[in-house]
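No value in this document is a laboratory result; all are computed from the given coordinates. If you're wondering where the values come from, they're calculated on a predicted model, not measured in any experiment. Glycine also receives a Cβ, built like all others from the backbone with ideal geometry; neighbour counts cover every protein chain displayed.
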Amino acid sequence: MSITETHLPAAPKILVLGATGPTGRHIVSHALARGYDVTLLVRSPEKAADMKGAKIVVGDARDEKVLRQAVKGRHAVISALGTPASPFREVTLLSTATRALVGAMKTEHVSRLVSITGMGAGDSAGHGGFFFDNLIFPLLLRKVYADKDRQEAIIQGSDLDWTIVRPSVLNNKPARTTIQTLTNSDQFHGGCISRENVATFVLDQVTTDHWLRKSPLITW
């Protein structure tokens, strides 16, 4: 499949959610380095104080009114929202915020959404390898991934121009020059990838339609 460019300017205006997380920080720094016009929605502006060059909107990602303010005039949205492991308590942050985001984007006529979920979400479940599938997932991440599944369903059920990115296990190692991108996880049984590689891949999706309305799993 050839890569098709979207009808966006060379330096698009983007909104990043989850910008102060470890992957979000890479997304912001690479976006600014590319010359993008970057807006961040953060609850704690002091955590984004070092992100010089980005515009800051303060608020909760679950608040559709705040999201409308943040997304207004943007060309695309990147969601790098995450949530800690939660063995006992139900998790609703990701699905609640995504539902509000889809509503805000529709109201403000912004169609391009690139969202990070993870290996194990949707039809990639059960392909993380023995340790991940039998220990980490059921003991620590089951409730988180139930919410990731709800998050993906909300995105896939919208009429937005979406791409869902499912990274394998994240690490902080330097980026590699090549990664694997899979749409069929049947032959995949665990792996890892750097946060920097994920950030670069996610940003690439803002200006191409190569993975439009698809959910690629990315790994080394």
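Give me the one-decimal nm value for the distance between modelled label points at Q156 and E90, 7 Å along each residue's Cα-to-Cβ direction.
2.2 nm
For the range 104-220, what class follows from the C-alpha gyration tensor (a ≥ b ≥ c being the square roots of its eigenvalues): rounded when a/c is under 1.5, otherwise prolate if a/b is larger than b/c, else oblate?
Oblate is the answer for the range 104-220, as a/c is 1.5 or above yet b/c matches or exceeds a/b.
For the chain, give the share of DSSP beta bridges that are antiparallel, in percent and rounded to the nearest 5; count only bridges with both residues there.
15 percent
Taking the Cα of Q180, stepping 7 Å toward and past its beta carbon, and measuring to each backbone N in the range 118-161: which are under 18 Å?
118-121, 123-133
Just to be sure I understand the model, the point goes 7 Å from the Cα along the line to the Cβ. What's the resulting N134 to K173 distance in nm?
Going by the 7 Å Cα→Cβ label model, 2.4 nm.
If you average the sequence gap of Cα pairs under 8 Å that are 6 or more apart and divide by the length of the range 13-219, what percent do you get for the contact order?
After rounding, I find 21 percent.
Hey, got the dipole for the chain? About the Cα centre, +1 on K and R Cβ, -1 on D and E Cβ, debye to the nearest 20?
Value, rounded to 20: 480 debye.
Just from its helices, what would the mean residue ellipticity at 222 nm be for the chain, if runs of 4 or more DSSP H residues each count -39500 (n - 2.57) and the sum is divided by every residue, rounded to the nearest 500 deg cm²/dmol?
Helix contribution divided over all residues of the chain: -9000 deg cm²/dmol.
Picking from T23, F130, S44, whose Cα lies most toward the positive end of the charge dipole for the chain (charges on Cβ: Lys, Arg +1; Asp, Glu -1)?
S44
Please compute the modelled spin-label separation between R142 and D204, points set 7 Å along Cα→Cβ, answer in nm with one decimal.
For the pair D204/R142, the computed spacing is 3.7 nm.
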